[in-house]
Amino acid sequence: MTAVSDRQKLAYVNSQAADGRVNLEFETEEGMTLNLGPQHPATHGTLRIVVKLDGEQVLSCEPVMGYMHRGYEKLTEVRTYPQVTTLINRIDWLGSFANEVPFILAAEKLMEIEAPPRAQWIRTILFELSRIANISLFVGDMALHIGAMTAAFYAFRDREFVLNQIESATGGRFHPNFNRIGGLKDDLPKGWVADTKASLERIRDFCDEMEILVEGNEIFQARTRGIGVIPSEIALQFGLSGANLRASGVDWDLRRDQPVGLVWDKVDWKVITHPDGDSFARFWVRLQEIRESCNIVEQLLDGLPAGPYMAKVPRVIKVPEGEAWVATENPLGEMGYYLVSQGGLGPFRVKIRTASFNNVSVVPWVCRGVYVPDVVTILASLYFILGDIDR
Amino acid sequence: MTDSVVLGLELAYWQQSILRVIGVLVAVLLPAGTFVYVFLFKMVSFMQSRLGPMEAGPFGSLQLLAEVGKWLQKEDITPERADRVLFKMAPYLVVGTVLLTYMVVPFGPDLHLAKFDTGIFFALAVSSISSLGVLLAGWASANKYSLIGGLRAAGQLIAYELPMILAVVGVVIQAGTMNMSGIVAAQAGGSIFGVDIIGNPFFITQFVGFVVFMIAVQAELGQTPFDMPIAESELVTGYLTEYSGIRFLLFFIGEFAAAGAFSAIAATLFLGGWAVPSAWVELDNNIFNLLGPIILLTKMMLIGGFIFFIRFTYPRFREDQLQRLAWTVLIPISLANILVTTVLKVAF
Amino acid sequence: MSEFLRDYLTVAIFAALTAGLLAGVLGLGKLIRPVRPQRDKYLSYESGVDAVGTGWDQSPVRYYVFALLFVLFDVEAAFIFPWATQVEFYGWFGAIEMIVFIVILTLGLLYAWRKKVLRWL
Amino acid sequence: MGLVESGKLPKPLTSLLNTSRKYSIWIFQWGLACCAIEMGAALGSPRYDVMRLGVIPLPASPRQADLVCISGTVTDKIVPAIRRLYDQMPDPKYVISMGACANCGGPYWDSYSVTKGVDQIIPVDVYVPGCPPRPEALLEGIVLLQERIGKEDMAERWRGEPLVVS
Amino acid sequence: MDAVATDAEREQIVADLRDRLGDALVGFHIRPGDDLWVRVTRDVWQEAGMIARDHLGFRAFEFVSAIDWLPSPFGKGEDSSLDPIPQVAGDIVTGYAGGDTRFQVFARAHSLSQHMGITLKVDLPDDDLSVATWIPVFAGANWHEREAREMFGITFVGHPHPVNIYLPGQFEGHPLRKDFPLLSRHVKPWPGIVDIEPLPGGSSEPSSEEGEA
């Protein structure tokens, strides 16, 4: 505890603070430049939105990110395949299980092995459960950003039931790290199927509750309808995916259209779309998707096949040379891994295509001419997770 | 009325004055504290299926004392760019005007600080000064969030002030007086089309006015459908962003004391104030001097519970939507209410 | 002193007492709170980055039209109150007069509405 | 200036002040990564309900906070902001470092952009280990902090340089 | 999925591209029934994107990124006897659709109607790491190109706002280049692969939960 080194540290910190002035070219003579973030309640973490205001109207808006950049793509190059799985489920920290799957599938594709059916079914079930856990938080979070406090608490409350199920199957509330190349770490515990069905009922109740409390509220509708409209052509241009794309009326769901290695095509469900493309549509689509996920999980639980949960794989995993792209419909949208292997213990290069990065890139386009509160609404409805943007 | 008889005691004017001042201070701080504890800590927690503070004292009842003790110890920061005088003055303005608002509220037949003939007018006039305090706070902080918050508060003032005044006009027409005690008496002794068993609480005969008034109160207090000046998810904490330590506590007390004050005014105007319908029993003033504050507090809690229930349930309006609501819905409705009330009053 | 003025005296005394009370609370706080001056502590908060501009940037107040309307209506409301206490005294004559007055007010509001100034620009 | 600072308060009064600080902790949420959600669960989920302990999760501005919970990965780019917001909090203030990343860099120990521990820039009172820690772990950390506050001697705390970084 | 049929589809796409680009299409690779890689020359990079978008139906944008084919001079950092550190300056081995140089920019788009994706690649000469921007093709390429710029040091000609997106302003180096060292690994060696636990499903014994299924 010496004063000198403290001052040195402070000097270092202050030199770093020069970075706080990124985007000062954004400052102009007219209007008011306002920073929302890096620490701001509206940005779920550390996104920074620099808005230029005229009164309360946004003239232009520029996201600044990188505050959560952890260097995933570099780190995957110095890790082995099992280690990479641990790392990448922290990208989208709300849907961790879903993060692991496309990477594992890409590696399996290059190794030309396929997980046994039981493993595929359990993967799909857990995938959908993590989607429910993720999106139910979105529902509460969006309401919170529009000012309704209580919905967020209900979301946290009911989400726990799903997290319990994920935890009892995988051992981890958040980062299960349950996938292995060729299958899963373990089988499901006893009584899990019945418990999961019970928790799905809770989630359905939660959806009903949210439809009354949030979606049906006139103020909520007044705040979201017609706000932040993204036409389908723009959505495709910016590479939007997931519910944001479907809320713009594009009928595209990788679960139905490219079900690589998972078993969505074995069950009966429908893709939810909404033609409006506004914030309300995005909220509505996501809320309905929770219900669809409940249906999917329920059907999958009924048809869970018996058998091994792990394929024959070599003891030391080396992936043969080649390139593979696998994308799945993650809770936030399309998440893809472009895996380049040169035959080593670890990947040669992994390009991680995350949903939020593309989803947020539309913000400067869509946030022109709206009011400050609408910026918050739009950000909430686009639903990003900082780790998913910055990686 | 140099000397009056209160609870059988003959008191000189100055003695009465001191008693009343102390009484009003208690009457301000007690509801404010109760509101914070009951509504902010407990009711919202139960609404959100939580428990709320439990550790400090039995059921967390000493939480408030802990809060006061903590805030007293916090450093009080004035940002270097701020306008120091105004920055330090703003909390005085906010809290002081709230305390003045209580002055005209009667707590019993003789329990009142000042018995203005223009009572309700005084209350409305004084209470809108606190918005000026908010605007000052927002401007003096030299912070953009605060500035936007303060401007929103000013915008809000012009939106809800008129509906509130016009809603009160209906009550004044019915009671025939602006004196708060007179309004209480008119409700306790009145009748609805000759039925006098419950008196004439104006929230029945002035229901439209009551609804408009409550909406305006929600906006005046900056509670949730209209909490744009604070708007946690947009403006961090709005005009409070730069306040810390004891000055923040003053704003905090001011917010809840104002909720108490407006509950008291609404209870007096529309629910009959300290009186309960007593046409069938003979109760003299002294009994009401004892029971009055309790009755009024009960009615305040009802109204306060309603205010906070809305606060923790509803999402937030946008500023332009509030203006539209006020000018195209509330003001026409309250004008129509005045017309209808006039015609009925003159006709019957 | 008349009773009327005495009430206002009470208000003045009460206001003074309130100010004294607040000053007392602030003084108590000053007595026991610490002061730890640091350079960064007194910078304006702007989500953790350097504030752009002074915080007093000019910004257009879009609701000034509402403010003008508000002043008009508020003055009118002040005229309504004295009549409202004496509705029965003036009877139908006063009622009709006031109805005419309010209708004129409403027409003004309608005019503003038609002119589309009741819109936040 | 302050009586507490100069250590002139009698003992019962000190413990009274400590108790009131202990039961009124307004927590400023620096949610950075995965841990932010577990912190949110601890603060927001009815199952954990941190308000029971007298921790009020209201303030969004550092000016009203007593405790800052740094939860998640600290990157070199966010460091100045963390430092500044810590500076902007009024004294007395406390810090909880939540999760492996904030404690030491965690799984990103070899990354080019991650700061290896938030204690390099601000003094930390309680470290909560885990990746991410369960909400119960954060509650435990808060209880530990409360115990510490209850026994604190403020005069001791405020002796010496104000710029101390441990 | 019918492998032969989709194969023909992808070959048709390559043929279409070759019609329009001619010799500028340098190489391609098809994994039947799965995926398609096409390598073009630097001059037609933007044009190839336009063609893919407008004529071949690849309307939805996925990403733009780059790859550094240089074998890492630091090994994989796995510090283990299982994977010995390769010699510095080993031969560059490129992936599908070939490659001539160290840096390659690749981009991906997919087609909503045909349910397939395409990966376009372009080689960058070592002495001039620049390529035309894809923003006119897909507006979303803006941020991806900023990322590739700071990570690899590649210039995207015509990019309107070429500033760092992730890294602090004064950050030196391009982290995703293979010769960018991770300093922490040199200060403190990675414990390495100490032990490889047996895989749980290796024995492939029948699951005990079969009754539940």
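Brief remarks on what is shown
- Check on D:Gly99, open to solvent by less than 10 Å² (accessible area, probe 1.4 Å), more than 7 Å from every other protein chain (Cβ to nearest Cβ), of a type outside the set (D, E, K, R) and within 14 Å of the chain's Cα centre (by Cα): yes
- Some residue of region D:69-79 being crowded, with 24+ Cβ neighbours inside 10 Å, β-branched (Val, Ile, Thr) and more than 7 Å from every other protein chain (Cβ to nearest Cβ): yes
For (1) more than 9 Å from every other protein chain (Cβ to nearest Cβ); (2) touching a residue at least 12 places away in the same chain (Cβ under 8 Å); (3) of a type in the set (Ser, Thr, Tyr), each residue gets a yes or a no:
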site	(1), (2), (3)
B:Pro163	yes, yes, no
B:Val172	no, yes, no
B:Ser191	yes, no, yes
B:Phe202	yes, yes, no
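- Some residue of region D:47-54 being in a helix (DSSP H, G or I), out of contact with any Phe, Trp or Tyr (no Cβ under 9 Å at 6 or more places or on another chain) and open to solvent by less than 30 Å² (accessible area, probe 1.4 Å): yes
- Enumeration of residues in region C:14-37 that are farther than 18 Å from B:Gly254 by Cβ and surrounded by 15 or more Cβ atoms within 10 Å (Cβ to Cβ): C:Lys30, C:Ile32, C:Arg33, C:Pro34, C:Val35, C:Arg36
- Annotation note: Cβ proximity below 7 Å between a residue of region C:96-114 that is assigned by TED's automatic domain parsing to the domain that holds C:Phe70 and a residue that is hydroxyl-bearing (Ser, Thr, Tyr) (sequence gap 6+ or interchain) occurs for C:Met98/B:Thr342; C:Ile99/B:Thr342; C:Trp113/B:Thr328.
Yes/no matrix, rows are residues, columns are (1) surrounded by fewer than 24 Cβ atoms within 10 Å (Cβ to Cβ); (2) more than 13 Å from chain B (Cβ to nearest Cβ); (3) in contact (Cβ under 8 Å) with a residue 60 or more places away in the chain:
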site	(1), (2), (3)
A:Arg131	no, yes, yes
A:His145	no, no, yes
A:Thr150	yes, no, yes
A:Ser168	yes, yes, no
A:His175	yes, yes, yes
A:Glu201	yes, yes, no
A:Arg204	yes, yes, yes
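- Scanning region A:339-351 for residues that are in contact (Cβ under 8 Å) with a residue 24 or more places away in the chain, in a strand (DSSP E or B) and facing chain E (nearest Cβ under 7 Å) yields A:Arg349, A:Lys351.
- In region B:63-91, residue nearest to B:Phe39 (Cα to Cα) [restricted to those that are open to solvent by 70 Å² or more (accessible area, probe 1.4 Å) and assigned to a helix (DSSP H, G or I)]: B:Leu65
- Identity of the residue in region D:8-56, touching a Ser or Thr at 6+ places or on another chain (Cβ under 6 Å) and more than 7 Å from every other protein chain (Cβ to nearest Cβ), that ends up nearest to B:Gly245 (Cα to Cα): D:Met39
- Of all residues making up region A:362-391, the number that are outside any helix (DSSP H, G or I) and closer than 25 Å to A:Ala133 by Cα: 4
- Whichever residue in region E:150-177 is surrounded by fewer than 20 Cβ atoms within 10 Å (Cβ to Cβ) and charged (D, E, K, R) and, among such residues, is farthest from the chain's Cα centre (by Cα): E:Glu172
- Those helices (runs of 4 or more DSSP H) of region D:61-166 in which 2 or more residues are touching a Phe, Trp or Tyr at 6+ places or on another chain (Cβ under 7 Å) and farther than 30 Å from E:Phe171 by Cβ occupy D:135-150.
- Looking across region A:185-230, the residues that are over 28 Å from A:Pro364 (Cβ atoms) and β-branched (Val, Ile, Thr) come down to A:Val193, A:Thr196, A:Ile203, A:Ile212.
- In region A:309-336, the residues that are closer than 11 Å to A:Met111 by Cα form Cβ pairs under 9 Å with partners that are among the acidic types (Asp, Glu) and assigned to a loop (DSSP other than H, G, I, E, B), at six or more places apart or across chains, as follows: A:Lys318/E:Asp83; A:Pro320/A:Glu112; A:Ala324/E:Asp34.
- Cβ-Cβ contacts under 8 Å between residues 6 or more apart (or on different chains), taken from a first residue in region A:257-274 that is on the phi > 0 side of the Ramachandran plot and buried (at least 16 other Cβ atoms within 10 Å of the Cβ) to a second residue that is among the charged types (D, E, K, R) and assigned to a loop (DSSP other than H, G, I, E, B), are listed as A:Gly261/A:Glu114.
- Evaluation of D:Asp87 against the conditions (1) at the interface with chain B (Cβ under 8 Å from one of its Cβ atoms); (2) within 21 Å of C:Leu43 (Cα to Cα); (3) surrounded by fewer than 24 Cβ atoms within 10 Å (Cβ to Cβ) shows that the sole unmet condition is (1).
- Matching entry among D:Gly31, D:Gly40, D:Gly54 (being under 14 Å from the mean Cα position of the chain (by Cα) and under 23 Å from A:Pro41 (Cα atoms)): D:Gly31
- Residues (of a type in the set (A, V, I, L, M, F, W, C) and surrounded by fewer than 24 Cβ atoms within 10 Å (Cβ to Cβ)) located in region A:66-92: A:Val78, A:Leu87
- Flag for B:Gly209 being under 25 Å from C:Val75 (Cβ atoms) and at pLDDT 80 or above: yes
- Test: residue in region D:111-118 that is over 15 Å from the mean Cα position of the chain (by Cα), open to solvent by less than 10 Å² (accessible area, probe 1.4 Å) and of a type in the set (Phe, Trp, Tyr): no
The values are calculated or read from the model by the stated rules, or taken from the named source; none is laboratory data. Not measured: the values here are computed from a predicted model. Don't worry about glycine lacking a Cβ; one is built from the backbone with ideal geometry, like all the others, and counts go over all protein chains shown. The area values use the complete protein model at the heavy-atom level, side chains included, leaving out ligands, DNA and RNA. Shrake-Rupley method; radii C 1.70, N 1.55, O 1.52, S 1.80 Å.
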